[in-house]
1. Multiplying the sequence separation of Arg249 and Met1 by 0.36 nm and subtracting their Cα-Cα distance, what value in nm do you get?
2. About its Cα centre, how strong a charge dipole does the chain have in debye, to the nearest 20, once Lys and Arg get +1 and Asp and Glu get -1 at the Cβ?
3. R0 = 56 Å: FRET efficiency of Asp83 with Ser228, Cβ-based, nearest 0.05?
4. With an 8 Å Cα cut-off and a minimum separation of 6 or more residues, compute the relative contact order for the stretch 57-211 in percent.
5. Tell me, what is the per residue accessible area of the stretch 3-342 in Å², probe radius 1.4 Å?
6. Based on the alpha-carbon gyration tensor of the stretch 62-215 and its eigenvalue square roots a ≥ b ≥ c, which shape applies: rounded if a/c is under 1.5, prolate if not and a/b is larger than b/c, or oblate?
7. Once fully extended, how much extra length lies between His354 and Glu294, figured as 0.36 nm per residue of separation less the alpha-carbon to alpha-carbon distance?
8. Mind ranking 252-261, 310-319 by how tightly packed they are, going by the mean number of other C-beta atoms within 10 angstrom, highest first?
Amino acid sequence: MRVGIDSLSLYTPGYYLDLALLAERRNTPLLKYVKGIGQERMAVPAPDEDVVTMGANAALQTLEGIDRTQIDTLIFATESGVDQSKAAGIYVHRLLGLPSRCRTFEVKQACCSSTAALQMALASVALKPSRKALIVASDVARYGFGSAGEPTQGAGAIAMVVSAHPRLVEIHPACGSYTEDVMDFWRPNYMNEAVVDGKYSIKMYLKALMESWHAYCEEGGMALGEFSRFCYHLPFTRMAEKAHRHLVRNTGTNLSAEQQAAQIDDTLIYNRLIGNCYTASLYVGLLSLLEGGERDLGNQHVGMFSYGSGCMGSFFGGTVQPGYRALLHARRHRDMLQAREALTFERYEAFYNHVAQRDGSDYQNPRNHTGAYRFAGVSDHKRLYETLNAPADQPVEAPADGDFVKV
Ligand code: CAA
């Protein structure tokens, strides 16, 4: 049974900070950001946006042309969760009008949980090929203001439908994983920003890559030379270059620097303009590869490495399906990136500092560009979400407690 990704799309906020502005304010050479880290812009979420609205926006597009009644599973992957108990996916389920006969839950293990969700969905679809699963991976990468991690922030979501006979990428059964208890990056419950030991996190990423690769080989995976492209988890684009060089060198593969670059370059286009999106990043890279390159990748094999600090890694592979290009939303994704508003440094700072009140009092968020959904505020400890310009065929219904606001 062939199973894999049937549709895939991306949402990123309508605002960004040009890293040239950040370099000026942080008294840092711009070349460090552009060449040393490999980033040009970073997406900044507006106060009335969160992982739910970003995820719903991504999923709205992914579900186009797909019979929603076939979705029996919605897995939401995030490390920017909005509630300790209720899955963010439940809000998305309502906003998208998915069938009530659906299991919906949230998964967590840093940036890697989206891949765990994908593996779970593949197994589920293999058991019941008439059904489809929706995976939403949505995150806000947030580090201390003025910290070394600041230029590697970003925000965005991907949504993918997993099915039998997938039209985009068939995912192969072999998957090699590695887990080790380390403190390279984490976010305690009482903090809004991640705590990170940057250099150590890079070291652990590379260690997990090799360990996952060895586990993948033991599972009977493909030889390195059979993959024509590689997608890596992208905390910043230079990380993929480091990782690919490390994998090539440590497997004794003979590839020039140019050949190595050609295997990853197209996966980096979107990330350079968006920044880290934690759980979504690997799949933003995959989408960038499918939408960004000029060459038809039909029948080509792609190697993928997912890394989640803390830590866990997984290496697996897939085959791009012939005809995949007709199913992409490349034009819309490019338009979305081009239409973004550049923030002044002061507005970036204001957005950054607008962290939701934690004292439990009610509040309303100011209105900004947020795509089709927005996070309106909190009332009586309940998060309020609004649907903007709901299509006529998708009526907006109030949830059972009646606190929904239609705009
Ligand atoms: N011109 C060109 N290059 C320059 C330069 C200049 N003027 N100045 C510095 N550079 C280069 C440096 O030589 C270095 O390159 P190498 O890595 O090849 O040595 C690069 O720019 C970065 O410089 P530093 O190492 O001095 O940077 P830093 O101390 O400011 O920290 C960072 C960089 C560790 C990535 C930091 O931004 C950070 O902590 N980010 C968050 C953590 C992270 O992303 N970790 C990645 C692995 S963990 C993971 O993947 C999970 C996840 O999503 C978080």
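1. Numbers: separation 248, 0.36 × 248 = 89.28 nm, distance 3.46 nm.
The span from Arg249 to Met1 would gain 85.8 nm if fully extended.
2. Numbers: 40 positive and 44 negative charges, 86 e Å.
About 420 debye.
3. On the way: r = 42 Å, r/R0 = 0.74.
The formula returns an efficiency of 0.85 here.
4. Numbers: 221 pairs, mean separation 34.6, N = 155.
About 22 percent, as a whole number.
5. Details: 12740 Å² over 340 residues.
With all protein chains present, the stretch 3-342 gives 37 Å² per residue.
6. Values: a/c = 2.38, a/b = 1.45, b/c = 1.64.
Oblate.
7. On the way: separation 60, 0.36 × 60 = 21.60 nm, distance 4.07 nm.
Value of the extension gain: 17.5 nm.
8. Taking the mean over residues of other Cβ atoms within 10 Å, the ranking is 310-319, 252-261.
The values are calculated or read from the model by the stated rules, or taken from the named source; none is laboratory data. As the structure is a computational prediction, the values presented were derived from the model and not from experiment. Counting neighbours? That spans all protein chains shown, and the Cβs are built from the backbone with ideal geometry, glycine included. Ligands, DNA and RNA are stripped out before the accessible areas are found, and what is left, the full protein with its side chains, is counted by its heavy atoms. Shrake-Rupley method; radii C 1.70, N 1.55, O 1.52, S 1.80 Å.
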